[in-house]
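Worksheet: one structure, shown below.
The values are calculated or read from the model by the stated rules, or taken from the named source; none is laboratory data. Just so it is clear, the structure is predicted and the values come from calculations on it, not from any experiment. Because the Cβ atoms are built from the backbone with ideal geometry, glycine has one as well, and the counts that use them run over all protein chains shown.
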């Protein structure tokens, strides 16, 4: 139990001191443009009828994807790469809700799933190979399933 608590605290520290990242969950698409400029990352945009994906390649090699609704709202984010993005920036106003949920979870090994009515975060990995996604269920555009967030 003490080892699990220690690992949970270590994960929280890693979240706070991670490399700078990308757009903010629950904000408009302008946050994607601002972050791409500040990060000096490469931006690629792909569109579909239900949403657009704004993908930023960070200098670290981590790729952060922002899922933007037709209304211009970032409803989900995902990441994959050698370092964690700055989850405080990525999750924005949802960051505190996420960290509180992590503190009260069992802290077992393996990928972490934090599922609440207003926020879902799934993350895992190990040094040099992190992955995850976060989304706000009520912001998902009509017809979009959580499984489409990669």
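Is region 142-149 home to any residue that is more than 14 Å from the chain's Cα centre (by Cα), surrounded by fewer than 11 Cβ atoms within 10 Å (Cβ to Cβ) and part of a helix (DSSP H, G or I)? Yes, region 142-149 contains a residue that is more than 14 Å from the chain's Cα centre (by Cα), surrounded by fewer than 11 Cβ atoms within 10 Å (Cβ to Cβ) and part of a helix (DSSP H, G or I). Restricting the first member to region 42-63 and to residues that are more than 20 Å from residue 148 (Cα to Cα), and the second to residues that are part of a loop (DSSP other than H, G, I, E, B) and modelled with pLDDT of 85 or more, the beta-carbon pairs closer than 7 Å and six or more apart or on different chains are 60/82; 60/83; 61/82. Can you find even one residue in region 76-83 that is touching a helix residue (DSSP H, G or I) at 6+ places or on another chain (Cβ under 6 Å), closer than 17 Å to residue 145 by Cβ and at pLDDT 90 or above? Yes: region 76-83 contains one or more residues that are touching a helix residue (DSSP H, G or I) at 6+ places or on another chain (Cβ under 6 Å), closer than 17 Å to residue 145 by Cβ and at pLDDT 90 or above.
Among the residues making up region 59-85, those that are surrounded by 21 or more Cβ atoms within 10 Å (Cβ to Cβ) and assigned to a loop (DSSP other than H, G, I, E, B) are 62, 84.
Taking the criterion of being in contact with a strand residue (DSSP E or B) (Cβ under 9 Å, 6 or more places away or on another chain), surrounded by fewer than 17 Cβ atoms within 10 Å (Cβ to Cβ) and assigned to a strand (DSSP E or B), the residues of region 91-124 that qualify are 113, 115, 124.
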